[in-house]
Amino acid sequence: MAATARQLPKRVPPLMTSRVVIRALYPKLEEVDTFELEYRPYTLFATRDTVHIKLHVYHVDASLVVEDNDSLVEVGRGWRLHARSLGPRLCRYHEGPRGEPLKQRWCHAIAVKGGWCARHLSSPLALYERCTASNDFDACRAIDALWPDEEYIVYLVYHGAGFKIGVTRAWRFYTRLLEQPHLAAAVIARLRSALEARKLEKKLASTRGFSEGIGVSRSVRMRASLLSKRGYDVVARSLAEGIARLGLSGYFEAYSLTPLDCPVQPLLSPLRELPRGHLEYLCTWGGILVFRMSSGLVGVTRDAVIHRVINAQQ
Ligand SMILES: [Zn+2]
């Protein structure tokens, strides 16, 4: 008689492991309030033009876009994984329709320099980063030729300890804002050229008291923005004052992404490497991911976990 499955000796199920890579943040926004104000700066000799601000306050709950073996999935609060070990960092090059994180095709080669594999060191995305993160204006010109339809936002962040000017692709604005500590950020300009956007950013950041981010550390900005007791009316006014100090006037849309149920302490003292063990994802804000472990809550910097292979047990 042939053996049936029932008659076979019981076997311990094999250990299921998977290769997990967190690839992107995926902010989910809900507008909860708006504040409008007009600010007219006074100088000794004359009044200047008005700055009109409309501040949109959003609650943000960020999902993660995760490669689980070879499929791309969206996971949210409560996602659990057992991180057994960390593998190499993978290249961050990807292709797909803009603003659709679940439809990207990611490069699986190991990153060798600046987060890129050898093949993608001179890719359009790497060029774009050279344009925005260095003074390589030739890279900006190359990007303008490669991406004629792209739109860029130059923005002003108020983080409670000062101001910061930034530039990003327009469709990525909210994700970019979620990656940095802020009380609010105003859209200063929308431009069709990376070169023009980068030049404007540099010009504005050279104003006294402003920067492209250098000067005030992330931990100071984090503390100033998270522990702020300022109301949004006060925040909107500070942002308007900042815009006026840049010599600008007119109507500006501004945004604040407020973390929803995200514990403050792990955000203030993040680890620089993902700990091993059972992790439950809770939230993301200011470039920090928060997980629950059996030992308590931990924050981990986004840069430490994103694109890193996590060998996980299921
Ligand atoms: Zn690559």
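Annotations for the structure displayed:
- Any hit, segment 103-114, residues being surrounded by 13 or more Cβ atoms within 10 Å (Cβ to Cβ), in contact (Cβ under 8 Å) with a residue 60 or more places away in the chain, away from the ligand (no atom under 16 Å from the Cβ) and not in a loop (DSSP other than H, G, I, E, B): no
- Taking the criterion of being more than 9 Å from the ligand (Cβ to nearest atom) and free of Cβ contacts under 8 Å to residues at least 24 places away in the same chain, the residues of segment 121-134 that qualify are Ser122, Pro124, Leu127, Glu129, Arg130, Ala133, Ser134.
- Selected residue (only one of Ala118, Ala139 is more than 9 Å from the ligand (Cβ to nearest atom), of a type in the set (A, V, I, L, M) and more than 21 Å from the chain's Cα centre (by Cα)): Ala139
- Qualifying residue in segment 200-210 (condition: under 30 Å from Val65 (Cβ atoms) and not acidic (Asp, Glu)): no
- Taking the criterion of being over 23 Å from Leu248 (Cα atoms), in a helix (DSSP H, G or I) and polar (S, T, N, Q), the only residue of segment 122-176 that qualifies is Thr175.
- For segment 242-278, a residue qualifies if it is surrounded by 14 or more Cβ atoms within 10 Å (Cβ to Cβ), over 21 Å from the mean Cα position of the chain (by Cα) and over 30 Å from Pro88 (Cβ atoms), and the qualifying residues are Gly242, Ile243, Ala244, Arg245, Leu246, Leu248, Ser249, Phe252.
- Those helices (runs of 4 or more DSSP H) lying entirely in segment 197-314 with at least 1 residues of a type in the set (Phe, Trp, Tyr): 232-245
- Here Val73 passes the criteria (1) within 16 Å of the ligand (Cβ to nearest atom); (2) free of Cβ contacts under 8 Å to residues at least 40 places away in the same chain; (3) not aromatic (Phe, Trp, Tyr) except the one numbered (1).
Only the coordinates and a few stated rules stand behind these numbers; no lab work does. Because the structure is predicted, anything quoted here is derived from the model rather than measured. Heads up, the Cβs are rebuilt from the backbone with ideal geometry, glycines too, and the neighbour counts pull from every protein chain shown.
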